[in-house]
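Here is the structure we will look at.
Just so you know, all these numbers are worked out from the coordinates, no wet-lab data involved. In this text the structure is predicted, and so the values were computed from the model without any measurement. As a convention, Cβ positions derive from the backbone with ideal geometry for all residues, glycine included, and neighbour counts pool all protein chains shown.
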Amino acid sequence: MNILDNFIVFEGLDGAGTTTQARLLSDHLTATGRSVFLTCEPTDGPIGRLIREILSGSATVTHHALAMLYAADRHDHLYGEQGMLEQLRDHDLVISDRYFYSSVAYQAVDVPKEDVLSYNAPYPHPMIIIYIDTPVSECLKRIDTSRDSRDIFEHEHFQQAVYENYEQMFSEISEQIMFCRIDGRLPIDQIHRQITAFVDQRMSIASP
Ligand code: TYD
């Protein structure tokens with residue numbers, strides 16, 4: 001299994017709080033003297049922008065094509081100019097808000113899971129996955145309070161299927177990856193403290 005050292009990934013449903021917590025962890029690690037590159041998927045590169053257009057509903061492609069687009073965006077995100085591999089040479093840590101586990105959870109609702117896995121097979125696993133486990137009903141409530149409209153994935157039945165895919169995938173996650181499940185219903189600062197405790201402990205184990 002190919003694992004990228006010093007690469008941390010956040011996963012969870014839309015509205016689970018991954019973006020907030022990824023930023024808080026990045027700030028915390030920076031404050032402890034580490035250089036951190038914080039990034040996300042979909043990216044803000046050309047393929048990521050196309051994906052966001054599709055998510056808004058203003059363009060339509062087949063489910064398979066969308067799954068391939070996420071995988072293509074990821075290739076560029078990893079190996080492109082100023083991509084994550086390059087950033088890992090220049091920084092102590094890279095944190096990504098979402099990675100290929102999102103593809104397995106979301107795209108496998110409409111595309112056979114084996115196909116999604118094969119599009120993403122070339123990509124390395126991160127050293128740490130932080131999964132913010134937030135119930136679908138809570139996520140949808142947060143989306144509705146924070147935004148005027150939902151994107152094409154932000155509906156109860158779809159999110160429930162995504163939730164089940166996450167559960168299935170993470171119940172079988174390799175022990176070689178450090179996996180941290182957090183209760184996303186807790187207050188933001190409590191979640192942050194649990195995440196920093198996990199990461200600080202694992203990072204000190206990982207350091208020489
Ligand atoms: P995200 O940027 O997390 O959402 P937001 O713009 O609301 O902060 O991700 C956009 C959507 O893309 C989100 O619904 C999750 C979905 N997604 C996939 O379906 N597959 C993927 O591989 C990734 C990375 C994201």
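With bins 5 Å wide beginning at 0, the percent of Cα pairs of segment 100-152 falling in each bin runs 4, 15, 18, 18, 19, 14, 10, 1.
Once you divide the Cα radius of gyration of segment 16-84 by 2.2 N^0.38 Å, the number left is 1.33. Taking other C-beta atoms within 10 angstrom as a stand-in for reagent exposure, Cys139, Cys40 fall in the order Cys40, Cys139, fewest first.
How much net charge surrounds Ser26 when only other residues with a Cβ under 12 Å from its Cβ are counted (Lys, Arg +1; Asp, Glu -1)? Around Ser26, the charge tally is -1. Within the listed set Gly48, Gly57, Gly17, the residue fluctuating most in the Gaussian network model of the chain (springs between alpha-carbon atoms under 10 angstrom) is Gly57.
Note that the chain, at 10 °C in a medium of 1.306 mPa s, gets a Stokes-Einstein diffusion coefficient of 91 µm²/s from its Kirkwood radius over C-alpha pairs.
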